[in-house]
Structures are given as C-alpha cells and as structure tokens.
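Here the structure is laid out as structure tokens; the discussion comes afterwards.
The values are calculated or read from the model by the stated rules, or taken from the named source; none is laboratory data. Since we're looking at a predicted model, the values are computed, not measured. Neighbour counts are summed over all protein chains in view; Cβ atoms, including those assigned to glycine, are modelled from backbone coordinates with ideal geometry.
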C-alpha cells in the first residue's frame, strides 16, 4: 500500500485525504503513523450524500470509536413534516446561561455513566473548556417529556478543516424511552429549531450505525465529508 501523507498536522490529530469513506479500513489505519498522544485520526474526501436507509459501513477494529462528520447539503436543513400531534413534548430555550450549564452538566454525567469510555475523548476531556468558552456563545434547546427535563441540543460556531465555518451540533438529545409519537414530535421540533438558528451549515458528528438517530440526521439532507477515529481507553 502506498504510504499516505498527512495534509494537515495538529496537536489533536492529523488529517489525511482519501477518495471516500469506503477507503477507510483497518489496513489503511495500520499503515499510518498515529502518535499515541493524539486522540484523533481524520480522513476527508469529496462530500457525498448519506441515506437513512443505507448507513455508511466502515471496516475497522472495534477498539476505535469511529464517527462520520456530516454537514448540511445545498438545500439546507430539511425539516420533517409536522406530526399530527406534538405528543406532549415541550421545548424551550434555556432561561439563562446558569440553567444551561446546570442541565448540560447533568446530561453529561448521565452520558458518562451509561457509555463510559465509549462516550469519547471530547466528552471526557473537553467539557470544562466547552462549558467556559463555548457554552456562553452557543444556542440551545431544552426538551421536556411529561413535564420532566429529558435532554438538550446545543450548537455553536466552529471551524472544521475541509468543511469550513459551520454551526456544529456539539450536544444532541438521545430521546431514550420516547414513544414513536414522542420521538416524531421531538425530532420535528429540533429540526425546526436548527433550521431557524443554524445559519452557517449544520455540522453533526454521527455514529455510522442504522439507529433512529442516524435516520433522523440523514433525513435532514446532510452530506458527509469526513471520517473521525479515536482510540478507546
């Protein structure tokens, strides 16, 4: 295999150019010098559409956390049809920064409890910076189910190599335990909010697995232009 040279070198992870996500496999990863002190490895390629019915599959070891980075396509964010009922799901922006910090911290602790190391490097190591530097400038939406807080979505201005300036969805609700009707309502309200507030192109880091979240994001009209890998443990 021809040795791949990085097109960008950073402290957090180097960037390589490939033809498409299908080129990212274990053989390629093994051929690359990936320093132990760099948490990420990035592959970029010409943007291509993603399909809710046909998730991108990457043949790499399970010892890595692999994600795809999607961004809004030419048509912008596509909002799904308004459901016949909002099913009791209520959304609102945070009252103030203090409320956002309190609820986001509570959500982060729950993610770490459930997912452990699989939550990823950023959730474990970047949260303090995220809370202090990013959250004050971010836009957020809170979700309530049966009157109880059930998650939040947060996006903020970001500069991502090869994707440019975007509004990055840095925190996303899982809608765990929601009924089908509740999920349709929550997804509709989230998409509508993002359509109104994310004006630079919506960036989402997405696990390439065929679950409901993948289908929701793919249905927004996103394209993919990057694969991001990180070591677990």
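The residues of segment 165-179 that are without any contact (Cβ under 8 Å) to a residue 60 or more places away in the chain, within 15 Å of the chain's Cα centre (by Cα) and closer than 18 Å to residue 72 by Cβ, listed by number, are 167, 168, 169, 170, 172. Whether a residue is part of a loop (DSSP other than H, G, I, E, B) and closer than 28 Å to residue 184 by Cα was assessed, and residue 35 does not pass this test. Tell me which residues, restricted to segment 70-102, are touching a strand residue (DSSP E or B) at 6+ places or on another chain (Cβ under 6 Å), at pLDDT below 95 and part of a loop (DSSP other than H, G, I, E, B). Within segment 70-102, just 73 meets the criteria. Checked against the criteria, residue 133 does not count as modelled with pLDDT of 95 or more, farther than 18 Å from residue 12 by Cβ and in a helix (DSSP H, G or I).
Of all residues in segment 25-69, count the ones that are closer than 10 Å to residue 221 by Cα and in contact with a strand residue (DSSP E or B) (Cβ under 6 Å, 6 or more places away or on another chain). Of the residues in segment 25-69, 2 are closer than 10 Å to residue 221 by Cα and in contact with a strand residue (DSSP E or B) (Cβ under 6 Å, 6 or more places away or on another chain).
Would you confirm whether any residue within segment 150-162 is outside any helix (DSSP H, G or I), over 16 Å from the mean Cα position of the chain (by Cα), touching a residue at least 24 places away in the same chain (Cβ under 8 Å) and surrounded by 13 or more Cβ atoms within 10 Å (Cβ to Cβ)?
Residues of segment 150-162 outside any helix (DSSP H, G or I): 150-162.
Keeping just the survivors that are over 16 Å from the mean Cα position of the chain (by Cα) gives 150, 162.
From the residues that got through so far, the ones that are touching a residue at least 24 places away in the same chain (Cβ under 8 Å) too are 150, 162.
The next check asks that each one be surrounded by 13 or more Cβ atoms within 10 Å (Cβ to Cβ); those that pass are 150, 162.
Checking segment 150-162: at least one residue is outside any helix (DSSP H, G or I), over 16 Å from the mean Cα position of the chain (by Cα), touching a residue at least 24 places away in the same chain (Cβ under 8 Å) and surrounded by 13 or more Cβ atoms within 10 Å (Cβ to Cβ).
Can you find a residue in segment 190-201 that is under 13 Å from the mean Cα position of the chain (by Cα) and touching a residue at least 24 places away in the same chain (Cβ under 8 Å)? There is no residue in segment 190-201 that is under 13 Å from the mean Cα position of the chain (by Cα) and touching a residue at least 24 places away in the same chain (Cβ under 8 Å).
On the given criteria, is residue 128 part of a loop (DSSP other than H, G, I, E, B), out of contact with any helix residue (DSSP H, G or I) (no Cβ under 7 Å at 6 or more places or on another chain), surrounded by fewer than 15 Cβ atoms within 10 Å (Cβ to Cβ) and assigned by TED's automatic domain parsing to the domain that holds residue 94? Outline the logic, then answer.
Working: part of a loop (DSSP other than H, G, I, E, B): no; out of contact with any helix residue (DSSP H, G or I) (no Cβ under 7 Å at 6 or more places or on another chain): yes; surrounded by fewer than 15 Cβ atoms within 10 Å (Cβ to Cβ): yes; assigned by TED's automatic domain parsing to the domain that holds residue 94: yes.
It is false that residue 128 is part of a loop (DSSP other than H, G, I, E, B), out of contact with any helix residue (DSSP H, G or I) (no Cβ under 7 Å at 6 or more places or on another chain), surrounded by fewer than 15 Cβ atoms within 10 Å (Cβ to Cβ) and assigned by TED's automatic domain parsing to the domain that holds residue 94.
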